[in-house]
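K.L.:
Dumping the structure here so I can ask a few things about it.
The values are calculated or read from the model by the stated rules, or taken from the named source; none is laboratory data. Please read all numbers here as calculations on a predicted model, not as lab measurements. Note that we place each Cβ from the backbone using ideal geometry, even for glycine, and neighbour counts take in every protein chain shown. For accessibility, only protein heavy atoms count, side chains too; no ligands or nucleic acids. Shrake-Rupley method; radii C 1.70, N 1.55, O 1.52, S 1.80 Å.
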Amino acid sequence: MKHLLFNTFHIIRNSLDPFLHFREVSILCYHSISDDQSDTSIPEDQFGKHIKTLKNANYTFVSLDDIFAWFSQNVSVPQKAVTLTFDDGYADFKTTALPILEKYNIPVTLFLVGDREQYRLNLGSDLAMLSDVDVAELEKHPLVSLGWHTKTHPNLAALSKENMGQEIIPPTPMSFFAYPGGNYSENAMGAVQNAGFSAAFSIKRDLVSRGKNRWLLPRIVILKNDSGKDLEHYVSMAQHWYASLRNVFKKYG
Ligand SMILES: [Zn+2]
């Protein structure tokens, strides 16, 4: 049903776009680029296909700064704009994802967990994490920006106000924050605001639009089985229509 709706919406989108010139701005959220079993790990060749599909569909890869400037100050971005973000700080970002991003000159934001090794142990994951030396190197890379994803990746919605500061305040000033697991609360949003960030991102399959809350901007999580065609749907008006329809059913269903 979902695929049928997406396909229908996408066909409608493609036939209306020459007249309506849809504004499509979205932020994708990747984790590991590897053959790891977890749902959020994407094999390298599949990641390459995602990039090629979006390029062939004439989407432009822009930085998170570009999207935020469009969002907050009306600075122009291409009609079809996509930003890539990577969460947690897996070592394969540097060894596997970055060479592909370099090949296509794609800017990227890396949302880092501070205590990455502890986070890996908590997860029981075999995936290596970026070392502090890696991070220092990446910080200088012209395509890479760093964002904050808390110190230990807690569920912020379940954390007391007193414990939030040490998780949310970054070691060095950063512009953007991503809620771990997409979990947030009013207190967490307030703490992020007080910590000096410019905007914060949750996880929600929708496009970014100007009316949205800057402390709760949507990102689309990419999962292992997502094909290039799925990606093309996620970054298009079809996704926005699907999300709106889902909201209506949630309200009245
Ligand atoms: Zn995370």
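K.L.:
Please work out how much length the chain gains when fully extended from ASP65 to ASN225, using 0.36 nm per residue of separation minus the C-alpha to C-alpha distance, in nm with one decimal.
P.N.:
This chain segment gains 54.7 nm when fully extended.
K.L.:
OK, next. So what is the relative contact order of segment 27-71, in percent, for Cα pairs below 8 Å that sit 6 or more residues apart?
P.N.:
Dividing the mean separation by the residue count of segment 27-71 yields 20 percent.
K.L.:
Rounded to the nearest 10 degrees, what's the angle between the helix 2-20 long axis and the longest principal axis of the chain, both from Cα atoms, 0 to 90?
P.N.:
Tilt of helix 2-20: around 70 degrees.
K.L.:
Further question: Could you state the principal axis extents of the C-alpha atoms in segment 205-253, from the largest down, to the nearest angstrom?
P.N.:
Sorted from largest, the Cα extents of segment 205-253 read 29, 28, 18 Å.
K.L.:
Out of the total accessible area of the chain (probe 1.4 Å, heavy atoms of protein only), what percent is carbon and sulfur?
P.N.:
That fraction is 52 percent.
K.L.:
Still on this structure: Using θ = phi - 60° and the Karplus relation 6.51 cos²θ - 1.76 cosθ + 1.60, list the HN-Hα couplings for segment 200-207 in order, rounded to whole Hz, with x at every Gly or Pro.
P.N.:
Whole-Hz 3J(HN,Hα) from phi for segment 200-207: 9, 10, 10, 10, 7, 7, 7, 7.
K.L.:
Given a cut-off of 24 Å, what percent of all Cα-Cα pairs of segment 134-253 lie beyond it?
P.N.:
39 percent
K.L.:
If you average the C-alpha positions of segment 77-152 and of segment 193-220 separately, how far apart do those two centres end up, in angstrom?
P.N.:
19 Å
K.L.:
Now a separate question. Using a/c under 1.5 as the rounded threshold, could you call segment 108-180 rounded, prolate or oblate? The axes a ≥ b ≥ c are square roots of the C-alpha gyration tensor eigenvalues, and prolate needs a/b larger than b/c, oblate otherwise.
P.N.:
Cα axes put segment 108-180 in the oblate bin.
K.L.:
Can you tell me the relative contact order of segment 100-240? Whole percent, Cα pairs under 8 Å, sequence separation 6 or more.
P.N.:
This gives 17 percent for segment 100-240.
K.L.:
Can you tally the net charge around SER131? Count Lys and Arg as +1, Asp and Glu as -1, for every other residue whose Cβ sits under 9 Å from the Cβ of SER131.
P.N.:
So the surrounding residues net to -2.
K.L.:
Shifting gears a bit: What do you get for trypsin sites (Lys or Arg not before Pro) in segment 156-253 restricted to DSSP loop and a cutoff of at most 11 other Cβ within 10 Å of the site's Cβ?
P.N.:
ARG210
K.L.:
Note down the net charge around GLU24, summing +1 for each Lys or Arg and -1 for each Asp or Glu among other residues with Cβ under 12 Å from its Cβ.
P.N.:
My count for the surroundings of GLU24 gives 0.
K.L.:
Here's a follow-up. Along its three principal axes, how long is segment 1-94 when you only count alpha carbons? Whole Å, largest extent first please.
P.N.:
43, 38, 22
K.L.:
How would GLU232, GLU117 line up by accessible area, probe 1.4 Å, largest first?
P.N.:
The residues order as GLU117, GLU232, largest area first.
K.L.:
Let's test this: bin the Cα-Cα distances of the chain at 5 Å from zero up to the farthest pair and state each bin's percent.
P.N.:
All Cα pairs considered, the percentages come to 1, 6, 13, 18, 19, 18, 13, 8, 3, 1, 0.
K.L.:
Whose amide H sits under 5 Å from the amide H of VAL25, counting only residues 5 or more places off or on another chain, with H placed in the peptide plane?
P.N.:
Counting only residues 5 or more places away or on other chains, the set is ALA81, VAL208.
K.L.:
While we're looking at this one, here's another question. Between Rg and the Kirkwood Rh of segment 1-52, both from Cα atoms, what is the Rg to Rh ratio?
P.N.:
We get a ratio of 1.11 for segment 1-52.
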